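Input: a single structure, listed below in structure tokens.
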Amino acid sequence: MTDDMPAPQPSKPGLVRRIYDWVLSLAERESAAWWLFALSFAEASFFPIPPDVMLIPLCLGSATRALRFATLCTIASVAGGAAGYGIGYFAWQGVEQYFYDLVPGFSPEAFGHFQDLYQEWGIAVVFLAGFSPIPFKIFTIASGVAGMAFLPFLGAAAVSRAARFFLVAILLARYGEPMKRLIDKHFNVLALVFSILLIAGFAVLKFAM
């Protein structure tokens, strides 16, 4: 390398990665519980980073603490899901381009795929989305756009979000740091495998009836 050539600069992390790192840093603050509530609410309607990023470090060390944070996370996420449903039901035509342009995961194709899944599985798709690594916000807003019955939607969201967050909290409270490393590394794979098992269960029920 000659003296007049500038040294290569390290590449700057992408926007989503920078947001991820910022969210992770919030777990170290005294106001972490409030941030967890806000993040869980926002993620269910527009924010790109799942609340598990904060929930995982907050649940280490104490079962009581873990269950408290899982409860907070569930309540906020279901409330955020209801807000997402409201966006889809009341305001989608005015804001859809904003979501397509700025929110990761949103596209006309994603909404078309939701319509296909809803026709096939009905309300079960909300339960699967609430537990799986699929961005939950797509399903909450699409449920409003599709005019899905609100109370069944809310019930499916509550059950699936509680199942996800309490499972993470209980595992971390019981097994501590080794479980944190496992979930950090393989969370999407574990959630996807569980979701596949759920789909298989729904299929068995459907064809048995």
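Taken together, the values in this text are just the output of simple stated rules run on the coordinates, not laboratory data. Given the structure is predicted, the values throughout are model-derived calculations rather than measurements. Here Cβ is always computed from backbone atoms with ideal geometry, including for glycine, and neighbour counts include all displayed protein chains.
A compact table of results
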{"quantity": "Sorted peptide list for 135-148, 153-166, criterion being average Cβ within 10 angstrom, highest first", "calculated": "135-148, 153-166"}
{"quantity": "Extension gain from Tyr175 to Ser62, taking 0.36 nm per residue of separation minus the Cα-Cα distance", "calculated": "39.6 nm"}
{"quantity": "Sites Tyr89 and Asp21, calculated FRET efficiency, Cβ-Cβ separation with R0 35 Å, nearest 0.05", "calculated": "0.55"}
{"quantity": "Residue-span extension gain [Tyr98 to His113] - 0.36 nm each, minus C-alpha spacing", "calculated": "3.5 nm"}
